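Every number here is computed from the coordinates shown, using simple stated rules; none is lab data. Values in this document were obtained by computation on a predicted structure and should not be read as measured data. Every residue, glycine as well, gets a Cβ built from its backbone with ideal geometry; the counts of neighbours run over all protein chains shown.
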Amino acid sequence: MDGDEIRFGRYPQTEVKDAALCAALCAAAGELPTGANARKWTEYPYYIGGKLSKFMWYVDVDRGGERYRGVYFTKYRPYRTELPGGKGNGNQPSNGYVAGTVYWFRFEPIVWRVLERRDGAALVMSAVILDSLQFSHRRRAVCGENGERIYPNNYAQSEIRKFLLGDFSRTAFRDGEKALLMPVRVENGLDSTGDCANRFVCEDTEDAVFLLSCREIMTQKYGFSDDCNDFYDPARLLDATDYAMALGVSAGESGLPEREPRVGWWWLRSPDYFGKNSAYCITDTGNVFDCDEFSVTNAQGGVVPALCLRLGGRAPR
């Protein structure tokens, strides 16, 4: 523990620039993957033109007591899952990552910002944007098992929640670390949105890793502005890692001279009350925002996990 931060778990973050090390890692990873044969690599479940496509892969390699992740893609990941892949449809080229090249990223400790400590536990959020993912790839409601309508911005059924509980948790935490994660009731009802009405809210869930809600990101005791008209809150400004940039996160000039051009926008779990195809997010000026521009299919949205960490006692929620 270090002041108001906790280092816990590991995730690929900083790009490896050493040419000799990159060459050694490439040799260890073996032949490059193709759509017909992934070889040692694993396909990212990414979309082009609304369909899962085989165009981007990763591989993890251990060397010298460190772990590294290689990323390779043959097409550019589009802004939205329904768009075709192409240089003009995604952020990877402007972020400095080009198709046909292998990039390597070092697994590093995840820095968590402590929002609250209570009863031997800590509620924390990632201090940076760690990944990039759509909220959901679909723009139409579907029927649930009991005939209920499940809207695209339903957090309980979202792809981003599935990612946090699955691929992210498996990558970030060892078995011993997972024992310190505290599953808590994640509130997804109207109160969590801060809205007067919102017909797109869903049932509460019980999760060990989750996204923050509108209500949480406007809680003063967590260090945030509680004014919904406050269009600039530096406490909500987060930089993207090199790894997130390679995956196509949207990060650039926020118009704030004191910030580096790595500030990105990132998802909250709360649905937008205007329509079924958008969810709330934090913009690159720290504003809590809802707009169809931030459609659930927007794959350039940043992923900022939150969790309750057991320090001995009950969860601070």
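For the reader, a short list of remarks on this structure follows.
- You can think of it this way: the chain between E206 and R7 has 69.3 nm of extra reach, that is 0.36 nm per residue less the Cα-Cα gap.
- Point-charge dipole on Cβ atoms (K/R +1, D/E -1) for the chain, about Cα centre, debye to 20: 1040 debye
- Under 26 Å of direct C-alpha separation, and excluding same-chain neighbours fewer than eight residues apart, K162 reaches these lysines: K40, K51, K54, K75, K178, K276.
- Using the Cβ-Cβ distance between K17 and R310 with R0 set to 25 Å, the FRET efficiency from 1/(1 + (r/R0)^6) comes to roughly 0.10.
- Of (1) 15.2; (2) 20.5; (3) 17.0, the label for mean projected area of the Cα convex hull in nm² derived from the coordinates: (3)
- Qualifying chymotrypsin sites (Phe, Trp or Tyr not before Pro) for segment 114-204 [loop in DSSP, other Cβ within 10 Å: at most 11]: none
- For segment 130-181 and segment 56-92, distance of Cα centres in Å: 20 Å
- Sparse-neighbour loop sites [GluC sites (Glu not before Pro); segment 122-217; at most 16 other C-beta within 10 Å; DSSP]: E145, E148, E203
- Length gained on full extension, D191 to E66, computed as 0.36 nm times the residue gap minus the Cα-Cα distance: 40.6 nm.
- Between 0 and 90 degrees, the angle of helix 19-29 with respect to the longest Cα principal axis of the chain falls at about 90 degrees.
- Loop-located trypsin sites (Lys or Arg not before Pro) across segment 25-96 with a Cβ neighbour count of 14 or fewer within 10 Å are R39, with loop assigned by DSSP.
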